[in-house]
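Trainee: Below you will find the structure I want to go over with you.
The values are calculated or read from the model by the stated rules, or taken from the named source; none is laboratory data. Small disclaimer: the values here were computed from a predicted structure and weren't measured. Neighbour counts run over all protein chains shown; Cβ positions are idealised from the backbone, glycine included.
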């Protein structure tokens, strides 16, 4: 029993990121990150910002070029969620399904996931609700990573939630940044 209790802090430490994040299921072979936000705007406005104005709300800290102005999303099947760079570029994801003002699906690995043997499927669903639009987001990633994918799930989830919150702030206020109160 003493041995079991000795390992309890380590087990709790390892589980803590999963308890704090909205990772809905994870193991060494994959994970699913899900979030739901209500945005005070019509679906058409949310869809336009999501697909045509990504350069205005994406966090440049999560880019290869250091500038969100280099991002574009061609919202049609086969379209690219890409980032231009002076001597090349990055295909972050590929669009696989579009239903104007209601759904967008893309496939690919974001950031460090590109260097792993994984595949990811991302979905945005938009529904009318009182006060605006409900955006339901899901990103499921599966494949192989030497340390296991459960280890990277909380970080991916946190970055994606930050991007969704920036999208919401951009649509509602015109400014994606967190405004610090004094």
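Trainee: Between 21, 6, which is surrounded by 11 or more Cβ atoms within 10 Å (Cβ to Cβ) and modelled with pLDDT under 80?
Mentor: Step by step, each of 21, 6 is checked, and only 21 is surrounded by 11 or more Cβ atoms within 10 Å (Cβ to Cβ) and modelled with pLDDT under 80.
Trainee: Looking only at segment 26-61, which residues are in contact (Cβ under 8 Å) with a residue 40 or more places away in the chain, crowded, with 16+ Cβ neighbours inside 10 Å and within 14 Å of the chain's Cα centre (by Cα)?
Mentor: Answer for segment 26-61, where residues must be in contact (Cβ under 8 Å) with a residue 40 or more places away in the chain, crowded, with 16+ Cβ neighbours inside 10 Å and within 14 Å of the chain's Cα centre (by Cα): 31, 32, 33, 34, 35, 37, 50, 51, 57, 58.
Trainee: Here are some residues: 36, 48. Which one is modelled with pLDDT of 95 or more, over 13 Å from residue 156 (Cβ atoms) and not in a helix (DSSP H, G or I)?
Mentor: 36
Trainee: Now a separate question. What about residue 75, is it without any contact (Cβ under 8 Å) to a residue 60 or more places away in the chain, surrounded by fewer than 20 Cβ atoms within 10 Å (Cβ to Cβ) and out of contact with any strand residue (DSSP E or B) (no Cβ under 6 Å at 6 or more places or on another chain)?
Mentor: no
Trainee: Now a separate question. Test residue 177 against the stated conditions and say whether it is in contact (Cβ under 8 Å) with a residue 24 or more places away in the chain and in a loop (DSSP other than H, G, I, E, B).
Mentor: no
Trainee: May I ask you to list the residues in segment 112-128 that are out of contact with any strand residue (DSSP E or B) (no Cβ under 6 Å at 6 or more places or on another chain) and surrounded by fewer than 16 Cβ atoms within 10 Å (Cβ to Cβ)?
Mentor: If the condition is that a residue be out of contact with any strand residue (DSSP E or B) (no Cβ under 6 Å at 6 or more places or on another chain) and surrounded by fewer than 16 Cβ atoms within 10 Å (Cβ to Cβ), then 112, 114, 115, 128 are the ones that fit.
Trainee: So, one more: Please indicate, with yes or no, whether at least one residue in segment 143-162 is part of a strand (DSSP E or B), touching a strand residue (DSSP E or B) at 6+ places or on another chain (Cβ under 7 Å), over 15 Å from residue 59 (Cα atoms) and in contact (Cβ under 8 Å) with a residue 12 or more places away in the chain.
Mentor: Yes, the conditions are met somewhere in segment 143-162.
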